[in-house]
Amino acid sequence: MPSGIAFSNGHTWKEQRRIGITSLRKLGLGKKSIEHQIEDAAQTLVEIFKQTKGQPFDPSLSVLNAVANVICALSFGHQFSTEDEDFQKLVHGLKIIFKFFGDFFHAVYDLFPKLMKYLPGPHKEALGSLDFILAFIKQEIEKHKESHSLHEPQDFIDYYLLQMEKSRNDPDSTYDEENLAQCIVDFCGAGTETTFGTLMWALLLLTNHPDIQEKVQKEIEDAFGSSGSISYQDRKKLPYTNAVIHEMQRVKYILMYGIPRQSTKDVKMRGYHIPKGTFIIPDFRSVLLDPEQWEMPEKFNPNHFLDKDGKFIDREEFLPFGMGERVCVGEQLARIETFVFLTSLLRAFSFRLPEGVKELNEAPIAKMTMHPHPYKLCAFPTQA
């Protein structure tokens, strides 16, 4: 039976999702603690970008390191130096898994997992990377068990171990170390890949649309000046910035389709009979690029999220995180990360095309996740 949150179901899924949501809430989503860690990661990224001194560079590895470190802070209670050897291996392992995910071999592996274990192919490298990540996580779990900080939990592992302790006399409990490790694998996979992709698209779109970039920078400057921190709560003072972020996530949605689900009973929906046991795959494009809902569905147009007075509109057709009982557990975390990273970067830099480049390629690399083609940009400090 699948473990963790993303691919489990029934009683296991209910318990794992519950601990995921309650832990994220207690760790301060909407308050300060996790947001403080995100601000630290964003400032580290600003310092790394400064070192490029306006020369063309590929931002992907720096952005991936920053996003992966947020998940480490959430899961393990601390961030890693980017020079840390184990952290470098963790990020490299994630890159291999992301590359494999959505490939032809991934589809074949899903269909014939037992057979594929005996055959060569890129899945071998991906499985090896997964084994390393699991071993890395289990090592962190052991360290937490030794530190005895359950009465003052600081991170997801602490909260989970505390729940295991509370549930040890419950014969139906699914709280165990295997599920704990798989939950963190889910956080690492889903939480890193999607936010990384969102930020890479954001930098590309802002570079290709300097007029929109300048409008965002002016709004931030007018509301906050050039110093002091901006928190996620401050998005209400930045309607245009908020609209730009939502429009980026709409027009350059990261998941081509949602994780497959299976109907638990016969269902009649809009005249269609869906038998029990049918696999259902949500198509995000059908709603995020629906011409009946969006004035310019294929175009990057922040006005989709603004009314005639320039106030932000929250639209129910905006569903990049899914909906219903299985809506993304990390939606709030992803929203905070995207907002804090982008406002920090846009306060510090103006992003421009390298000399001789007319436009960055806006066509996605179409796999299960939709990422931009590799690109370089220039980051010019906004203040000397």
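The values are calculated or read from the model by the stated rules, or taken from the named source; none is laboratory data. Quick caveat: nothing in here was measured; it's all calculated off a predicted structure. FYI the Cβ positions are ideal-geometry reconstructions off the backbone, even for glycines, and counts take in every protein chain you see. Quick note on the areas: whole protein, heavy atoms, side chains included, nothing else; ligands and nucleic acids left out. Shrake-Rupley method; radii C 1.70, N 1.55, O 1.52, S 1.80 Å.
The table for this structure:
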{"item": "Search result, residues across segment 169-185 that are of a type in the set (Asp, Glu) and out of contact with any helix residue (DSSP H, G or I) (no Cβ under 8 Å at 6 or more places or on another chain)", "result": "ASP170, GLU178"}
{"item": "Test for ARG352: is it at pLDDT 95 or above and open to solvent by 50 Å² or more (accessible area, probe 1.4 Å)", "result": "yes"}
{"item": "Members of segment 263-306 that are open to solvent by 60 Å² or more (accessible area, probe 1.4 Å) and charged (D, E, K, R)", "result": "LYS265, ASP266, LYS268, ARG270, LYS276, ASP283, ARG285, GLU292, GLU295, GLU298, LYS299"}
{"item": "Among (1) at pLDDT 95 or above; (2) open to solvent by 60 Å² or more (accessible area, probe 1.4 Å); (3) in contact with a helix residue (DSSP H, G or I) (Cβ under 9 Å, 6 or more places away or on another chain); (4) of a type in the set (D, E, K, R), the one test that GLU362 misses", "result": "(2)"}
{"item": "Residue in segment 328-347 that is open to solvent by 60 Å² or more (accessible area, probe 1.4 Å), small (Gly, Ala, Ser) and under 29 Å from VAL70 (Cα atoms) present", "result": "no"}
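Residues are listed down the side, and each one gets a yes or a no for (1) basic (Lys, Arg); (2) buried (at least 20 other Cβ atoms within 10 Å of the Cβ); (3) under 22 Å from VAL67 (Cα atoms); (4) in contact with a Leu (Cβ under 7 Å, 6 or more places away or on another chain):
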| position | (1), (2), (3), (4) |
| --- | --- |
| GLN139 | no, no, yes, no |
| GLN154 | no, no, yes, no |
| PRO171 | no, no, no, no |
| ASN179 | no, yes, no, no |
| ILE184 | no, yes, yes, no |
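Residues are listed down the side, and each one gets a yes or a no for (1) more than 15 Å from ARG250 (Cβ to Cβ); (2) of a type in the set (Val, Ile, Thr); (3) over 27 Å from the mean Cα position of the chain (by Cα):
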residue: TYR272; (1), (2), (3): yes, no, yes
residue: LYS276; (1), (2), (3): yes, no, yes
residue: PHE279; (1), (2), (3): yes, no, no
residue: ASP290; (1), (2), (3): no, no, no
residue: TRP294; (1), (2), (3): no, no, no
residue: LYS299; (1), (2), (3): no, no, no
residue: GLY310; (1), (2), (3): yes, no, yes
